[in-house]
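**Student:** Sharing a structure below in C-alpha cells format, with a few things to ask.
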Amino acid sequence: MNEIDNKQQKVTAPSLTGRAGGGSPLDLRYLRMARIWSENSYCQRRQVGALIVKNKMIISDGYNGTPSGFENVCEEDGVTKPYVLHAEANAITKIARSGNNSEGATLYVTDSPCIECSKLIIQAGIRRVVYARDYRLTDGIDLLRRAGIDVQHLPIEGYEE
Ligand SMILES: [Zn+2]
C-alpha cells in the first residue's frame, strides 16, 4: 500500500509545479491539448494524442487509428490490428502531405513513444519530445536519447499511473 502511495506521489508531484520536470507552462498546455486531441481516437485499448509544434505554431496533429479509408475500428477480438497507426506516426505523415516540415520541431504526445515511432521522430528532424505517460517499455525513449533528442516526461492531471 505504501509503495503505491509513494509511486503516485512521485508521478503526480511534477504536474503541480509545472517546472519541476523542466517543462514550461506552455509545455503543459500543449500536452493538455494533446490529451484532448487523443479523445478523437476511436481505439478502445488506449487513446493517444500528439501535436507537433514549431516556432510556437501547431504544424500537425495526430491520434492513433486506422489509415485513411479504413473502418474506424482499431481492435479485433480485443487485440490492436497490425495496421493501426500510432498518434506520432499520424502526426509526422500528415506533415509529409503538407507544405511544412518538422525540422527542429517539438513533439507533444500523451504516451511515451514506442521504438517504431521513435525512428520516425528521429528521421523527421524533431529535436524535442515531451510526453505525459510512461510506458512499461523504454526502448523508444532510449533510442531518442541516443539520437540526442531532448526527451521530457511531464506528468499531467488525469493520467495518474
Ligand atoms: Zn508508436
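Coordinate-derived values only; no laboratory data. None of these values were measured; they are calculated from a predicted model. When we count neighbours, we look across all protein chains shown, and the Cβ atoms used for this are built from the backbone with ideal geometry, even at glycine.
**Student:** Placing +1 on the Cβ of each Lys and Arg and -1 on the Cβ of each Asp and Glu in the chain, which of 105, 43, 154 has its Cα farthest towards the positive end of the resulting dipole?
**Tutor:** The listed residue farthest towards the positive side: 105.
**Student:** Please find, in a Gaussian network model of the chain (springs between Cα atoms separated by less than 10 Å), the residue of 147, 87, 50 whose mean-square fluctuation is greatest.
**Tutor:** Its mean-square fluctuation being the largest, the pick is 147.
**Student:** If you don't mind, another one. Rounded to the nearest 5, what % of the DSSP beta bridges within segment 39-133 are antiparallel ones? Don't jump to the answer; show the numbers that get you there.
**Tutor:** On the way: 13 of 18 bridges.
Percentage antiparallel, nearest 5: 70.
**Student:** So what is the diffusion coefficient of segment 58-161 in µm² per second by Stokes-Einstein at 20 °C and 1.002 mPa s, using a Kirkwood Rh over Cα pairs?
**Tutor:** Values: Rh = 14.4 Å.
D, rounded to a whole number, is 149 µm²/s.
**Student:** Taking R0 as 30 Å, what FRET efficiency do you get between residue 44 and residue 119 from their Cβ-Cβ distance, rounded to the nearest 0.05?
**Tutor:** 0.70
**Student:** Using a 10 angstrom cutoff on alpha carbons, build the Gaussian network for the chain and name the most mobile of 129, 79, 53.
**Tutor:** Of 129, 79, 53, the Gaussian network model singles out 79 as fluctuating most.
**Student:** Let me ask something else. For labels at residue 26 and residue 68 in the simple 7 Å Cα→Cβ model, what's the distance in nm?
**Tutor:** Taking the two extended label points, one gets 3.1 nm.
**Student:** Which value at 222 nm does the chain reach when only helices count, each DSSP H run of 4 or more adding -39,500 (n - 2.57), with the total divided by all residues and rounded to the nearest 500 deg cm²/dmol?
**Tutor:** -10500 deg cm²/dmol
**Student:** Tally Lys/Arg at +1 and Asp/Glu at -1 over every other residue whose Cβ is under 13 Å from the Cβ of residue 45; what's the total?
**Tutor:** Taking every other residue near residue 45 into account, the sum is -2.
**Student:** Please compute the contact order of the chain in relative form: average sequence separation of alpha-carbon pairs under 8 Å and at least six residues apart, divided by the residue count, as a percent.
**Tutor:** Relative contact order here is 23 percent.
**Student:** I would also like to ask the following. Most fluctuating residue of 41, 68, 24 in a GNM of the chain with Cα springs under 10 Å: which is it?
**Tutor:** The residue that fluctuates most here is 68.
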